[in-house]
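K.L.:
Input: one structure, supplied below.
The values are calculated or read from the model by the stated rules, or taken from the named source; none is laboratory data. The model shown is predicted, which means the values in this text are computed figures rather than measured ones. Cβ placement follows ideal geometry from the backbone for every residue including glycine, while neighbour counts extend to all protein chains displayed.
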């Protein structure tokens with residue numbers, strides 16, 4: 001049995017979003033093929049993602065100086081605990097699906113907050129960034145990124161996520177793109193092309 005983490009970052013309702021609709025179809029087909037697997041869902045616009053703020057940085061700095069982690073305040077401890085829960089959830093999962101759209105040539109801020117959360121250093125390891133150590137050296141993790149952008153050559157959303165996932169040790173990465181003037185309300189032909197691609201992928205993901 002595998003665990004799949006399904007992460008969305010799209011403020012639109014599903015009936016006005018091609019990526020959310022396609023992602024849902026992928027997920028349904030995946031579960032039909034893998035009924036024994038567990039799916040965990042994160043909606044980054046709905047779920048409360050802890051920001052890496054000054055309290056969090058203060059804890060990191062204190063631990064880097066060799067101070068005891070037990071002396072942080074309750075507020076700081078709660079923030080760190082929320083970040084660690086997200087990072088631990090990511091590390092425990094075997095497969096990842098990210099359903100996103102571009103905003104001003106990049107991800108919405110909520111997605112970057114999530115990436116900051118899953119890449120946090122480990123307080124038990126004296127704040128050494130886990131990403132730099134490759135989190136999954138002996139595991140074959142896989143991901144799917146379903147993304148809508150405007151076809152702009154300067155949009156860095158897709159290469160950024162690929163780089164982050166590579167640093168985290170996710171070696172098998174797939175990307176499905178919707179592009180155009182308004183890719184979230186795109187053409188029926190493009191929708192069906194990507195839909196066929198995703199349903200085929202769901203059978204072996």
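K.L.:
Where in segment 88-198 are the strands (runs of 3 or more DSSP E), entirely inside, with at least 2 residues that are at pLDDT 95 or above and surrounded by fewer than 19 Cβ atoms within 10 Å (Cβ to Cβ)?
P.N.:
170-179
K.L.:
When only residues in segment 62-74 that are assigned to a helix (DSSP H, G or I) and surrounded by fewer than 12 Cβ atoms within 10 Å (Cβ to Cβ) count, which is modelled with the lowest pLDDT?
P.N.:
70
K.L.:
Take segment 90-119 and flag every residue that is touching a strand residue (DSSP E or B) at 6+ places or on another chain (Cβ under 9 Å) and more than 28 Å from residue 178 (Cα to Cα).
P.N.:
Selection gives 92 alone.
K.L.:
Is it the case that segment 22-42 has a residue that's over 23 Å from residue 108 (Cα atoms), modelled with pLDDT under 95 and part of a loop (DSSP other than H, G, I, E, B)?
P.N.:
Checking segment 22-42: not a single residue is over 23 Å from residue 108 (Cα atoms), modelled with pLDDT under 95 and part of a loop (DSSP other than H, G, I, E, B).
K.L.:
Okay, moving on. What residue, among those in segment 1-21 that are within 17 Å of residue 94 (Cα to Cα) and in a loop (DSSP other than H, G, I, E, B), is farthest from the chain's Cα centre (by Cα)?
P.N.:
Residue satisfying both the conditions and the ranking: 1.
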